Every structure is written in C-alpha cells, then in structure tokens.
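All remarks here apply to the structure that follows.
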Amino acid sequence: MSPALPDNIRLNKKLAGGMAYKRKRKGGVSVISLITDFGQNDNFVGVIKGVILSINPNAKIVDICHEVKPHDILTGAFLLKSSFKYFPKGSLHLVVVDPGVGSERKNLLVKTKDYFFIAPDNGVLSPALKGQVSLKIIEITNKNYFLKPTSDTFHGRDIFAPTVAYLSKGEDFSKFGKRIKSIKELRLPQVKITSKDLIGEIIYIDRFGNLVSNIDKEMLDNFIKDKKFRIYIKDKTIEKLSHSYSEGTYLKPLALIDSFNYLEIALNWGSACNYLKAKKGAEVMLAVT
Amino acid sequence: MSPALPDNIRLNKKLAGGMAYKRKRKGGVSVISLITDFGQNDNFVGVIKGVILSINPNAKIVDICHEVKPHDILTGAFLLKSSFKYFPKGSLHLVVVDPGVGSERKNLLVKTKDYFFIAPDNGVLSPALKGQVSLKIIEITNKNYFLKPTSDTFHGRDIFAPTVAYLSKGEDFSKFGKRIKSIKELRLPQVKITSKDLIGEIIYIDRFGNLVSNIDKEMLDNFIKDKKFRIYIKDKTIEKLSHSYSEGTYLKPLALIDSFNYLEIALNWGSACNYLKAKKGAEVMLAVT
Amino acid sequence: MSPALPDNIRLNKKLAGGMAYKRKRKGGVSVISLITDFGQNDNFVGVIKGVILSINPNAKIVDICHEVKPHDILTGAFLLKSSFKYFPKGSLHLVVVDPGVGSERKNLLVKTKDYFFIAPDNGVLSPALKGQVSLKIIEITNKNYFLKPTSDTFHGRDIFAPTVAYLSKGEDFSKFGKRIKSIKELRLPQVKITSKDLIGEIIYIDRFGNLVSNIDKEMLDNFIKDKKFRIYIKDKTIEKLSHSYSEGTYLKPLALIDSFNYLEIALNWGSACNYLKAKKGAEVMLAVT
C-alpha cells in the first residue's frame, strides 16, 4: 500500500509513491519536532501528524509544545531557541504560530548546518537562527508538495505538514521554492547595560512559576567579572547566584542561571511567580554594590 | 523477547507471540489514531498505549484529541469526522468516549474501504461513517483478544486496545466477533432550510474561539448559488464570506468556510467566542437579501 | 549520520556512535515511558525526548502523564504503580517528579525481573517496587553518560534522559553507577483495619471526578469475606459494590473496585468529586452491618 490519503485529499501521487527514501539516517529515522499554538483540545495537531505519516511513515514526530498562547510569536520563538539544539542533527523543526495565515506573509524553509526549520515568516525563527552559519532560506512556493485543496486557514496541515514530510524523506531542499536572502526579525525585549547595572525583564514563566529573564549567562558573566552585585525584582533583593533550586530556603526567592542559560528567579518548593506576583515584562535589575 | 505483559495481566500468548506480522504496509507501519475523553491528567491514555505496544511494538500511535469533555459523544464524533481522512489509508481509528462502559452497549469494529474504526456503539462513529461504502461491521465479542482480567470499567484498556493492536498486526477482521448490520445513529443538530434562509447552529468552538456551525460548504453552495446573502449571529451581521482570517478587521467578526468545510464565524487576531459571547447551540442564520 | 547533538551539547561520542544495538527486542523496539510534573506548557518534555532520540533513534517514547502537580511525589508514585505493568516487558520507566533536583538526593536506576525504573531517590519508585523480586539498584554516578555541561536544575534532560537512552540501546546496567542496597520509602496513607471496619482515605481523583481510595481489592476481600457491609463517605451511605459505572442511578454515588483494583466512589454520568465535595484525604469507611 503506497502512502496515500483518500482520494478527496490529494497528495502528489508521483512524489508520494515514487520517491525513494533518499535521506540516510541511522535507523532510517527522521525526527520532526512541533511547536504550535494549536493547543490540545482540538484535532489540529493530530491531523498534521496524520498528513506527515501519510507521506513519510517512518517520521518520528516529537511534540515540543502546543500550548503557546494563541498568536504569541515571542513565546514560540523562545521555546524553539531553547529546544532545537537538544534534537538529533538532521531534525526538522516545524513551528506553527501563525496569526497571519492566509495573508501575504511568506512560508519559510531554512537549512542550517545541523537542522531544518519550517515556519511562517513572522519572526518566530529569528532568535533560533541568530548566529547560525551556512544559512539557506527558501520561500515555500512549490504547490506540487501542497495538500489539495489548499486552504487559506490551515497552512499547518496543507502546506507545512506535507513540506516537512517530503523533506524528511530526503526530497531535495531546493525544490520547495525559491531562494531568498533574509527573514523577518523578531523585536525582542533588550537588556539595558550601563557600567553600574543590567536591566532586563521577565520574558517567560514556566509551570513551576520560575521567572526567566532575558539576561543570559554570557551577558551576566561579561558584566560581573569579579564584582559584587545584587539582584532586584519587585520589592525583593537577592544577594547571590545559587546553583540549584534546593539551595533556596522557605519563602526566600533565589536567582540562578537556569538550564537554558538565562538568569532565572525561583522559589524552592514554590512558585516565584505567585509569591512575587510577577508577570511577563517585570523588571529584573542586577547592580554592582 | 516476545511481546508480552507481566503474568498477572494476561494476553493470549498464542496470539501475541505466534502471529506473523501479516499486514503489509510501507515500512511495516500501522498508524493507530486515538480520540478519547480521558484527558491528560491521568494514566488512562498511557496505559492504553502500553497495551497496544505490548501486542504490536511497531504500531505508530497518534493522539488526535483526549480533551473531549467527559461523555461528550457529539464532540468526539465531530473530531473523528473532521480528522480521519487525513490519516494514511489502512489507519485504525480508536474512539473511546464511552459513558456506557460496562452496560449493554456493544463494542464495534468497522471496516471501510480505507480505514478501520473501533468504538463503543453509542453513535460516536456514525457521522464519520455516513456515506462510506463497503462498510463491514462487527460486534467485538471474541474474548480471546481481551486483556484478562477484563474490567467493566475500562474497556479502552481491556478490550479496545488489544483489539486494535491485534488488528494492526494483520489479524483477520472477521475473527473479532460477529457481523452485524447497523450501528447506533447519533442525532445531530439539523440545519433548517427554507427558500429564504438557512438556520444552523454552532456545534464546535476551537481553542482560538472560532465558532464552527453545522452548515457545511455543500449545503451553503447549493443554497446560495449566485444569490446575495447576509449572515446573522447574535446581534451581528456579516455581509460576505472571507477566504482567510487575515481579511478580518479589528473587532469585526468574519465568516468563512473553514479548513474542514464548515461555515465558521471568526475574529482576526481574537476570539469570536469571547467577543460575541456565543456558546454551542447559538443560532447562525444565512438569509438571502 | 551518527546520532549526535550539536557540538555545544556534548554526548560521549564513543558511546553514542560506537555502541552496537545490543538489546534484542521484537522489532528492535525499546519502550520508554515518562511520568513527570513538567506539564505541557513548556519545552521540558520535548527536550528530554530530543535527547533520548539523539542517543537511541529507535526508542519508542510513551507519555503516561506530565500533569502531576509540581512536586507531588505521591501522585507520581500512584500513577507509576498503576501503569507500569501494562507496558511490554523490558520497558524503561522514567519518572521525573523531582523537587530535590540539585540537592544531595540520589539518582536511581532499578532493574526488576521485567522492567527498568529511573527516578530521583525521593520515594516515587517505592510503591511500584514493593514486592518485586530480583531487584537490583544502582545509584547513577557515571558521568560518562551525562550530557555536558550537566546542570543542577534539569537532571531530567542532563542525567535521566541520556541514562535511559543508553540503557535502552543495551548498555550494561552495571555501568551506570554503583550498587546500593535500598531506596527511600514513601510514607503512604495507611488503611486502619479493625474487626468492625476499614478506614481509608481518598488518595487520587481522576478527570471524571472518580474518587480513588487507598483500600485495595485484596484488603477488601480479606475483610469482607461473606459479611454484609456499608460504605460511608462524607454524609452518604453506599449499600453495595457495583461492577460498572452504568449500574449507578441519577445523583446516587456508587462504589466499585476500579480497573486498577482500588475501591472507588463514582457517580454514573457525573462527578462524584463535585457532587460529594470530596477532596484528597477525605475519609472512606467500610463497616460491617
């Protein structure tokens, strides 16, 4: 039985049935990761997986996160940037946070030294791609790879899913569209750096209530060197960097460099978010003493 | 190591160990999709997957949705109908929305030209099966395939999971029980059609707050032809059909045929559900002008 | 392409690339189950899966539950105990409910006759392991298998994920650390048994609002024999054990032995939890009449 969807949802038969499994991978496995704002209450993610497996039955699909708040491109970008390096080389990262679906925004396919990225051109890829070498960018335009009919409301299913699936089977990168030079950049909250302090803000809050700032380890190391410093958030002062949550004491927030290399405010056995009543955008200041 | 569960949870050893992998599929892969009302806070879905993989280690299990509201057969049916065609031919669709578990309701196994469906006989399959040809229906009765002991409270684990797993390995369809002629039909909200208007209702609301009605594209095309029309929902009037969400303007609801072919009321960059304070069952009227 | 993460996240190359796929399993499949308190709003679970697949591309990863309340070791333990037997022999069960991450608590690897278990030494494994034979316990200390750099805040990614992945590829159990004799025991709520009554409590509430008590079938059978009894919870009295939810009538709670062998209070087509306003810890009494 050739990989195929029923006749009313058409794949390109020649492509789907006739294409050899060209990409060589250990065990013939291609990992496709998914980040979306589709949630898990509907069938959107499941349908995307069905389409992918119709084209490449050997794909290994891994959910990174589907609970990005609807249209929250910044969070999608943050999750991608923090995650993609933990996947096997050759993985294909599909991000569908796509408030502009059906508008003139482009659909992107990007190849780096180690990975493929597929997403709408709304900035969601830009933090992950920053500093990557051997970047090749394609605007996805080759309709041969699209599901037919192709909706203007669900490109995840009709364009991105078949594109990533054919690509994962070894189809040549350049066939999916035309080379372009640049992608949309996401405007990220910037850290203000003076000689006396670093002023950042909370950009992500995880399920434990840990408050992740936009101050990263490199920035912090460059700033501190061997100076003494304090960290200020809301009305609290933190005197030092801890190494693990377990160093914290009851109802005393701590600061540490978290596992993704950001300065994070946390509360051992509790939620710093609830305790400090801090929201995204809350200021975090690190000042020399 | 033969596929096996520990000794206190017994599979039929002869079946599990001795059965050849008969079903031929590209890559030896069988896709099993899952729709349940089990949620993701408990271990129900994980245990079902454990049982399936104990019998068929090569099964590819895809979650369509587990967040169907407890006992909400109508939503389970809607999600199945909207999803099943996007899976590879030969896929097995398991639906466990089963308020009657342990009662006299039957357990069904249905074969169509392209798919298998497994579910309790409570109507959840009927919208998906409507109009399908070469329908063969079996009441699952062959206890050889059940997990032992077989509970009356979790047929998903003890009956449906092993049945779908053995079937996915190529076990003959007719062995699972006795042929029956018909299944329970789900009573669906009907669209009222007059010469002047179509009166439908909202039957599904997705995570974006898009309001999906029971008026489908075919119905709408047949009704409109080249007439002019307006769409009414709550106290709002919509003058035309859009093609994508991005055609909408700020705080102005739009109507479109969605990616699953239903008339949908949406709000670009927002939630039509919240904005219109519309619930399931809310009336949607399309009238000629 | 050898399984590998990018250069800044280092696996032990010799181990990752050079190790033969030693463990023989039907279809070459290793099932790894996951129970965590990571939720699904962040990228923690996805990143763990990425790391596992980087090392063993053939691993089959099954989510049992990620919605354990943060730091709720008791629920993690209950879910593991109720689930692990439904997985194929040889499966590897990874549990990351780890409030003490980065503290002095040990990381455990346990081998039983049929399974492997990997978890922090905080008691989360003890109910599942109770009564298991041929128990071998290792404290995970071999840093060769860790991701480098190894954080003190995310052992799930940096220690547990690579350990379970290498183990699933057939790496010898004894190589991961040093043998130890015992693990931390979880203090579980005990059932009080007198000649007249059994007094237990609600230890788990599922998504349907079913109230699961710590009174199990064996305890109950031993106590009841052929005596008559009543069950008391909150202000309600239940006169008998039912076999299925469908035996219940409108707004009348029922009691049954559930599919995991615990005495459970339920409400047919409704939530016993909401109806009885019962929480975890609520007393359930079974008394002879």
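Count, please, the residues in the range A:266-289 that happen to be in a strand (DSSP E or B) and free of Cβ contacts under 8 Å to residues at least 60 places away in the same chain. Quick ask: steps written out before the conclusion?
Kept after step one, since they are in a strand (DSSP E or B), are these residues of the range A:266-289: A:266-267, A:270, A:283-288.
Filter once more, so that each one left must be free of Cβ contacts under 8 Å to residues at least 60 places away in the same chain: A:266-267.
Here the count works out to 2.
In the set (1) closer than 25 Å to A:L74 by Cα; (2) surrounded by 15 or more Cβ atoms within 10 Å (Cβ to Cβ); (3) of a type in the set (D, E, K, R), the condition left unmet by A:E247 is number (1). The numbered conditions (1) within 30 Å of A:V95 (Cβ to Cβ); (2) surrounded by 12 or more Cβ atoms within 10 Å (Cβ to Cβ) are all true for A:D197 except (1).
Every condition in (1) touching a residue at least 40 places away in the same chain (Cβ under 8 Å); (2) farther than 18 Å from C:F260 by Cβ holds for C:K69 except the one numbered (1). B:D72 meets the conditions (1) of a type outside the set (V, I, T); (2) touching a strand residue (DSSP E or B) at 6+ places or on another chain (Cβ under 9 Å); (3) under 19 Å from C:R207 (Cβ atoms) in every case but one. The failed one is (2).
Are any of the residues in the range A:166-173 surrounded by fewer than 22 Cβ atoms within 10 Å (Cβ to Cβ), more than 14 Å from every other protein chain (Cβ to nearest Cβ), assigned to a loop (DSSP other than H, G, I, E, B) and more than 22 Å from the chain's Cα centre (by Cα)? Yes, there is a match, as at least one residue in the range A:166-173 is surrounded by fewer than 22 Cβ atoms within 10 Å (Cβ to Cβ), more than 14 Å from every other protein chain (Cβ to nearest Cβ), assigned to a loop (DSSP other than H, G, I, E, B) and more than 22 Å from the chain's Cα centre (by Cα). Checked against (1) under 18 Å from A:A77 (Cβ atoms); (2) surrounded by fewer than 16 Cβ atoms within 10 Å (Cβ to Cβ); (3) of a type in the set (D, E), A:E218 passes all but a single condition, namely (1).
Within the range B:220-250, restricting attention to residues that are in a strand (DSSP E or B) and within 14 Å of another protein chain (Cβ to nearest Cβ), the residue that is farthest from A:T150 (Cα to Cα) is B:L241. Inspect all residues belonging to the range B:101-119 and state whether any of them is under 30 Å from B:G200 (Cβ atoms) and within 14 Å of chain C (Cβ to nearest Cβ). Checked the range B:101-119: at least one residue is under 30 Å from B:G200 (Cβ atoms) and within 14 Å of chain C (Cβ to nearest Cβ). Out of B:L267, B:L286, one residue alone is under 25 Å from A:D158 (Cα atoms) and not acidic (D, E). It is B:L267.
Taking the criterion of being part of a loop (DSSP other than H, G, I, E, B) and among the charged types (D, E, K, R), would at least one residue in the range C:145-153 satisfy it? Step through it out loud before you land on a result.
Initial filter on the range C:145-153 (part of a loop (DSSP other than H, G, I, E, B)): C:146-147, C:149-153.
After this cut, where a residue has to be among the charged types (D, E, K, R) as well, the list is C:152.
Yes, the range C:145-153 contains a residue that is part of a loop (DSSP other than H, G, I, E, B) and among the charged types (D, E, K, R).
The condition of being within 7 Å of another protein chain (Cβ to nearest Cβ), in contact with a Phe, Trp or Tyr (Cβ under 7 Å, 6 or more places away or on another chain) and not basic (K, R) holds for only one of C:S54, C:S91, C:S83, that being C:S54.
Can you say whether B:K277 is surrounded by fewer than 16 Cβ atoms within 10 Å (Cβ to Cβ) and on the phi > 0 side of the Ramachandran plot, as far as the supplied structure shows?
Working: surrounded by fewer than 16 Cβ atoms within 10 Å (Cβ to Cβ): yes; on the phi > 0 side of the Ramachandran plot: yes.
For B:K277, the condition - surrounded by fewer than 16 Cβ atoms within 10 Å (Cβ to Cβ) and on the phi > 0 side of the Ramachandran plot - is met.
Which condition number does A:P99 fail, the rest of (1) surrounded by fewer than 23 Cβ atoms within 10 Å (Cβ to Cβ); (2) at pLDDT 95 or above; (3) more than 30 Å from C:P162 (Cα to Cα) being met? Condition not satisfied by A:P99: (2). Note on the range B:111-144: residues that are touching a residue at least 40 places away in the same chain (Cβ under 8 Å), part of a loop (DSSP other than H, G, I, E, B) and more than 15 Å from the chain's Cα centre (by Cα) total 0.
Just so you know, in the range B:230-244 the residues that are at pLDDT 95 or above and either buried (at least 19 other Cβ atoms within 10 Å of the Cβ) or of a type in the set (S, T, N, Q) (or both) include one that is nearest to A:D72 (Cα to Cα), and it is B:S242. Residues in the range C:27-48 that are more than 14 Å from chain B (Cβ to nearest Cβ) and of a type in the set (D, E, K, R): C:D42 alone. Would you check if A:K227 is closer than 29 Å to C:Q40 by Cα, charged (D, E, K, R) and more than 25 Å from the chain's Cα centre (by Cα)? The answer is no for A:K227.
Screening the candidates B:E264, B:E201 for the property of being within 25 Å of A:F44 (Cα to Cα), at pLDDT 95 or above and more than 14 Å from chain A (Cβ to nearest Cβ) yields one hit, B:E201.
For the range A:164-172, state whether one or more residues are under 19 Å from A:H71 (Cα atoms) and in contact (Cβ under 8 Å) with a residue 12 or more places away in the chain. I'd like the intermediate steps shown before the answer.
Taking the range A:164-172 first, the residues under 19 Å from A:H71 (Cα atoms) are none.
The answer is no; no qualifying residue exists.
The values are calculated or read from the model by the stated rules, or taken from the named source; none is laboratory data. Since the model is a prediction, treat every value here as computed from it, not as a measurement. Glycine also receives a Cβ, built like all others from the backbone with ideal geometry; neighbour counts cover every protein chain displayed.
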